[in-house]
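The values are calculated or read from the model by the stated rules, or taken from the named source; none is laboratory data. Here the structure is a predicted model, which means the values were calculated and not measured. Note that we place each Cβ from the backbone using ideal geometry, even for glycine, and neighbour counts take in every protein chain shown. For the accessible areas, the whole protein counts, side chains as well, though only heavy atoms, and no ligand, DNA or RNA atoms are used. Shrake-Rupley method; radii C 1.70, N 1.55, O 1.52, S 1.80 Å.
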Amino acid sequence: QVRLVESGGGLVQPGGSLRLSCSASVSIHDINTMGWYRQAPGKQRELVAGINRYGNTNYADSVKGRFTVSRDFADKTFYLQMNSLKPEDTAVYYCSVNVQLMSFWGQGTQVTVSS
């Protein structure tokens, strides 16, 4: 079992920044892939950014150039740096990891972009 705890969400004005954290209960070396997802009201959950064990990253077109995913092996934590935030980025953000063909999810953190 892998436990994930997200933090860092909140209310921010358009154009502002937030950094989300996803703390894992296992070593990052044991994680094959990690993804940040978001779900806005009335919409399907979508992949925002991902990183694999080799450090390769991928991003949704809507966030390219604004969001950056990273990881800290010592702290067993993944990060999502979000810059130039827009109202359409408002959603609950979740982290998910794949470990030995199993997927685990965090509880989610709310991000609201509004003036």
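With both partners inside the chain, how many of the DSSP beta bridges are antiparallel, as a percent to the nearest 5? Given both bridge residues lie in the chain, the antiparallel proportion sits at roughly 95 percent. When each of the peptides 36-44, 72-80 is scored by how many other beta carbons lie within 10 Å of its residues on average, the order from highest to lowest is 72-80, 36-44.
Accessible surface for the chain, divided over its residues, is 54 Å² per residue with a 1.4 Å probe.
In terms of accessible area, using a 1.4 Å probe and ignoring ligands and nucleic acids, Arg3, Arg45, Arg66 rank largest first as Arg3, Arg45, Arg66. Here the label points at Thr112 and Leu11, each 7 Å from Cα along the C-beta direction, are separated by 0.5 nm in the simple model. Is the shape of the range 69-108 best called rounded, prolate or oblate, per the rule: a/c under 1.5 gives rounded, else a/b larger than b/c gives prolate, else oblate, with a ≥ b ≥ c the square roots of the Cα gyration tensor eigenvalues? Oblate is the answer for the range 69-108, as a/c is 1.5 or above yet b/c matches or exceeds a/b.
Per residue, the average separation of C-alpha pairs within less than 8 Å and at least 6 apart gives the range 60-108 a relative contact order of 23 percent. Take every Cα pair under 8 Å whose residues are at least 6 apart in sequence, average their separation, divide by the length of the range 1-114, and the relative contact order is 37 percent. Our coupling estimate for the range 101-115, obtained by passing each phi through the Karplus curve with A = 6.51, B = -1.76, C = 1.60 and θ = phi - 60°, is 6, 10, 10, 10, 10, x, 7, x, 9, 7, 10, 10, 10, 7, 9 Hz, Gly and Pro reported as x. Label-to-label distance for Asn83 and Gln39 is 3.1 nm, based on points extended 7 Å past Cα in the beta-carbon direction. Cross-link partners for Lys43 among the lysines, with Cα-Cα distance under 30 Å and sequence neighbours closer than 8 places in the same chain left out: Lys64, Lys86. For Leu85, the amide hydrogen comes within under 5 Å of the amide hydrogens of Gly15, Gly16, counting only partners 5 or more places away or on other chains and with H modelled in the peptide plane.
A crude spin-label estimate for the pair Lys64 and Leu47, with each label 7 Å from Cα along the Cβ direction, gives 1.5 nm.
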